[in-house]
Amino acid sequence: MRSLPTATTPSCLMIYLVITLSFILFATPSTQAAPPAESTPTSKEHNQRIDIDSEKYRELFAELIDTHGFEQNQLRRLFAGVTLSPTVLSLIDNQQPTSSFNFYLKLIFTPAIIEVAKQQLTDHKLLLDNIETEFGVDREYIIAIWAIETRFGQNTGKYNVFQTLNTLFDAYPRRSQFFKNQLVHFLLLCRENSIEPKTVKGSYAGAFGQTQFIPSSFREFAVSFDGDTKRDVFTSVPDILASIANYLKRHHWVLDGPVFADLGKNLKSELLVDTYMKGSKGRISWQQLSENQQKQLPHPPDNKPLTIIGLEVSPLLGGGKRYFAAYTNFRAITAWNHSNRYAMAVSQLAMALAR
């Protein structure tokens, strides 16, 4: 197997420092899933039905009819009897902003998971060859995201997506418009791909399939790569892996390009600190970063600017933060999930698969 693209060849200590980070954020990406919870949603009882004659549903139906060609009777039959889910409301309102990274490692960074992931690389070698050629995305990162999102399709969610989207549209006021849009996208993708809306299961935030796309992301990034025209992120491995690759490609992934580089536990100039404090909006040239940090760094493709991220180090290893230069490829992963910790976890798993 070819050498996996990384910003530097990390030492064992480097890998250990990274994979023992104290916490990892699990929020799904803004283009991929629902925004974080903000306020306590309206209290709802079990079996309470949506009111399809309410103003908000009349407006929804009008949009579906006037803009997208649905029929009134068709919609009334589809939405009739749909109940709100108090469980979904409780879960969306009580999302934990962080989870133990060590707990995460127990689930993902296990010999069994890595063995299965490596077997997936072997089993789908020809497919991944074609995907790399077509989309220009490194296979180890595709497999790593597949593993982390759904355990290769073993855990795609248990909540009825149609009910979930209706619940969050109707009873989660501060995100009602977002979920209304997702509900529209969901009905469109079901029509476009001959899917029965009430049969789809997914997460409590409306993500579904082995890619865990939300409806708008499915319609934007899902592709068919198995010879037909149906985009199937539920059962078609070619479509699943190619859709992951397409998402990263559309966010400027560079094949064999660097992903991150270790900068150490201290930033050596005010310019670097200022860049870091700007978060994802902070940009610095490769030359400035190399000179200010007094460290040789891989050259970024097309001279794209870098960002600086800081991740927690386990208290067992002295605590504090360790800083990294994040390249375009790293930022492509954070487009999938905004958490730098998630992106580092994907990168670490991908690196493990290449060894």
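The values are calculated or read from the model by the stated rules, or taken from the named source; none is laboratory data. Note that the structure is predicted; figures quoted are calculated from it, not measured. All Cβ positions, glycine included, derive from the backbone under ideal geometry; neighbour counts span all protein chains shown. Surface accessibility is based on the protein's heavy atoms, side chains included, excluding ligands, DNA and RNA. Shrake-Rupley method; radii C 1.70, N 1.55, O 1.52, S 1.80 Å.
Select from the stretch 193-241 the residues that are under 17 Å from the mean Cα position of the chain (by Cα), farther than 27 Å from residue 126 by Cβ and β-branched (Val, Ile, Thr) and list them in ascending order.
If the condition is that a residue be under 17 Å from the mean Cα position of the chain (by Cα), farther than 27 Å from residue 126 by Cβ and β-branched (Val, Ile, Thr), then 214 is the only one that fits.
Give the residue, chosen from 258, 298, that is over 27 Å from residue 147 (Cα atoms) and in contact (Cβ under 8 Å) with a residue 60 or more places away in the chain. I'd like the intermediate steps shown before the answer.
On the way: 258 fails: over 27 Å from residue 147 (Cα atoms).
So the residue among 258, 298 that is over 27 Å from residue 147 (Cα atoms) and in contact (Cβ under 8 Å) with a residue 60 or more places away in the chain is 298.
Being over 30 Å from residue 207 (Cβ atoms), of a type in the set (A, V, I, L, M, F, W, C) and either touching a Ser or Thr at 6+ places or on another chain (Cβ under 8 Å) or in contact (Cβ under 8 Å) with a residue 12 or more places away in the chain (or both): is that true of residue 284 here?
Numbers: over 30 Å from residue 207 (Cβ atoms): yes; of a type in the set (A, V, I, L, M, F, W, C): yes; either touching a Ser or Thr at 6+ places or on another chain (Cβ under 8 Å) or in contact (Cβ under 8 Å) with a residue 12 or more places away in the chain (or both): yes.
Judged against the criteria, residue 284 is a match.
Listed residues 118, 44; which is of a type in the set (Lys, Arg) and either modelled with pLDDT under 50 or open to solvent by less than 60 Å² (accessible area, probe 1.4 Å) (or both)? It would help to see each step written out before you state the result.
Values: 118 fails: either modelled with pLDDT under 50 or open to solvent by less than 60 Å² (accessible area, probe 1.4 Å) (or both).
After applying the criteria, what remains is 44.
Surrounded by 24 or more Cβ atoms within 10 Å (Cβ to Cβ) and under 23 Å from residue 163 (Cβ atoms), is that true of residue 177? Break it down stepwise before answering.
On the way: surrounded by 24 or more Cβ atoms within 10 Å (Cβ to Cβ): no; under 23 Å from residue 163 (Cβ atoms): yes.
Spelling it out, it is not the case that residue 177 is surrounded by 24 or more Cβ atoms within 10 Å (Cβ to Cβ) and under 23 Å from residue 163 (Cβ atoms).
Please verify whether the stretch 150-157 includes one or more residues that are at pLDDT 95 or above, surrounded by fewer than 21 Cβ atoms within 10 Å (Cβ to Cβ), touching a Lys or Arg at 6+ places or on another chain (Cβ under 9 Å) and not charged (D, E, K, R).
Looking for residues that are at pLDDT 95 or above, surrounded by fewer than 21 Cβ atoms within 10 Å (Cβ to Cβ), touching a Lys or Arg at 6+ places or on another chain (Cβ under 9 Å) and not charged (D, E, K, R), one finds at least one in the stretch 150-157, hence yes.
Within the stretch 307-339, can you find the residues that are crowded, with 24+ Cβ neighbours inside 10 Å and assigned to a helix (DSSP H, G or I)?
329, 330, 333, 336
Return the only residue of 269, 290 being over 21 Å from the mean Cα position of the chain (by Cα), touching a residue at least 24 places away in the same chain (Cβ under 8 Å) and more than 30 Å from residue 124 (Cα to Cα). Show your work before the answer.
Details: 290 fails: touching a residue at least 24 places away in the same chain (Cβ under 8 Å).
Residue meeting the stated conditions: 269.
Could you list, in sequence order, all residues of the stretch 149-166 that are more than 19 Å from the chain's Cα centre (by Cα) and outside any helix (DSSP H, G or I)?
Across the stretch 149-166, the qualifying residue is only 160.
Condition test on residue 140, is it assigned to a helix (DSSP H, G or I) and surrounded by fewer than 18 Cβ atoms within 10 Å (Cβ to Cβ)? Talk me through it step by step, then tell me what you get.
Values: assigned to a helix (DSSP H, G or I): yes; surrounded by fewer than 18 Cβ atoms within 10 Å (Cβ to Cβ): no.
Against the criterion (assigned to a helix (DSSP H, G or I) and surrounded by fewer than 18 Cβ atoms within 10 Å (Cβ to Cβ)), residue 140 does not qualify.
Pairs under 9 Å by beta carbon, first residue under 22 Å from residue 89 (Cβ atoms) in the stretch 48-63, partner small (Gly, Ala, Ser) and surrounded by 12 or more Cβ atoms within 10 Å (Cβ to Cβ), six or more apart or different chains?
Close Cβ pairs (under 9 Å, with a partner that is small (Gly, Ala, Ser) and surrounded by 12 or more Cβ atoms within 10 Å (Cβ to Cβ)) amount to 48/171; 50/171; 56/176.
Can you pull out the residues in the stretch 340-355 that are open to solvent by 40 Å² or more (accessible area, probe 1.4 Å) and either closer than 18 Å to residue 274 by Cα or assigned to a helix (DSSP H, G or I) (or both)?
Filtering the stretch 340-355 down to residues open to solvent by 40 Å² or more (accessible area, probe 1.4 Å) leaves 340-341, 355.
Hits for the stretch 340-355 are 340, 341.
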